[in-house]
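Structure, as structure tokens:
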Amino acid sequence: MAARINVVIDLSHHRETVDFDAVKGDGIVGVIHKATEGLGFSDKTYAARRDEARRRGLLWGAYHSGVGANGSDQADFFIKTADPDEQTLIVLDYETNPTGPTMTLDQAREFVGRVEEITGRYPGLYSGRLIKEQLGGVTPPDPVLSNCFLWIAQYGGPRPLDVPPTFKTWTLWQYTDGVHGPEPHRVKGVGQCDRNRFNGGLAQLKKLWGVRRKSGAKAR
């Protein structure tokens, strides 16, 4: 296994200013940004930041914050708003909703299935305690969610613990929210922020993102 690289951050409109030149200069390779939530909220900073990040050669991803509503309808709203191309990483943010009904496992399955139907690929699943509580120790693997890569949130320990059996391993690990968890917490051009380790090397990260290697190029 290649080294676990620390080159991905995630952002939303809550981060009011971002300097993508400084972000790239600090060694960040990929940015995953909030696009939508529920059935009607869209992050107004998403499109402009996508263009800014890509002009600087950064990998771009989009996530949807799930709520307790029809999963297929949420997927339609997300895809229409985020407008992902083949090199946009797509993710369902599956966690407890502090302002209303929380998405259920069945609604998450609806979302994942609908995204695959529209795009031809499965999204990643971001979660922490919620997915551990619901799928921890559960076998056999969930027939739908097992198609997703796992982006796990855990702000303690040298590595993610208690990965549900539905997932063979973790792919991304959000190890800090910019305050809690091990260092480093900061990124130039952003400050304290969510940072993520990838369970592999740069070539594997680009493969996850859908970036095709140029003919003759060597993996790193």
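Values quoted throughout were computed directly from the atomic coordinates according to the rules given, and no laboratory measurement underlies them. These figures come from a predicted structure and were not determined experimentally. Positions of Cβ are generated from backbone atoms using ideal geometry, with glycine treated the same way; all protein chains shown enter the neighbour counts.
I'd like the distance between the alpha-carbon centres of the range 7-22 and the range 60-125, rounded to an integer number of Å. Taking the Cα centre of the range 60-125 as reference, the centre of the range 7-22 is 21 Å away. Diagonalising the gyration tensor over the Cα atoms of the range 152-209 and scaling each eigenvalue by 5 before taking the square root yields semi-axes of 21, 16, 8 Å, largest first. Annotation: amide H-H contacts under 5 Å for GLN192 (H modelled 1.01 Å from N, sequence separation of 5 or more, or interchain): VAL187. Contact order, relative form, for the range 70-220: 18 percent (alpha carbon pairs under 8 Å, 6 or more residues apart, mean separation divided by residue count). Over the chain, DSSP H runs of length four or greater, each weighted -39,500 (n - 2.57), average out per residue to a 222 nm ellipticity of -7500 deg cm²/dmol.
Using θ = phi - 60° in the Karplus curve 6.51 cos²θ - 1.76 cosθ + 1.60, the 3J(HN,Hα) couplings for the range 95-104 round to 8, 4, 8, x, 10, x, x, 8, 4, 8 Hz; x is entered for Gly and Pro. Put simply, the amide H of ILE90, placed in the peptide plane, has neighbours under 5 Å in ALA62, GLY124, leaving out anything fewer than 5 places away on its chain. Legend: ranking of residues LEU89, LEU39 from fewest to most surrounding C-beta atoms inside 10 Å; resulting order LEU39, LEU89.
Around GLU37, with a cut-off of 10 angstrom between Cβ atoms, what is the net charge of the other residues, counting Lys and Arg +1 and Asp and Glu -1? Residues close to GLU37 contribute a combined charge of -1. Converting phi to 3J(HN,Hα) with the Karplus coefficients 6.51, -1.76 and 1.60 and the offset θ = phi - 60°, the range 173-186 yields 10, 7, 8, 8, 9, x, 10, 8, x, x, 6, x, 9, 10 Hz in sequence order, with x at every glycine or proline.
Neighbour counting of Cβ atoms within 10 Å sorts the residues ILE79, ILE131, ILE118, fewest neighbours leading, into ILE118, ILE79, ILE131. The residues ASP162, ASP93, when put in order of fewest to most other Cβ atoms within 10 Å, stand as ASP162, ASP93.
Annotation: amide H-H contacts under 5 Å for THR176 (H modelled 1.01 Å from N, sequence separation of 5 or more, or interchain): ARG195.
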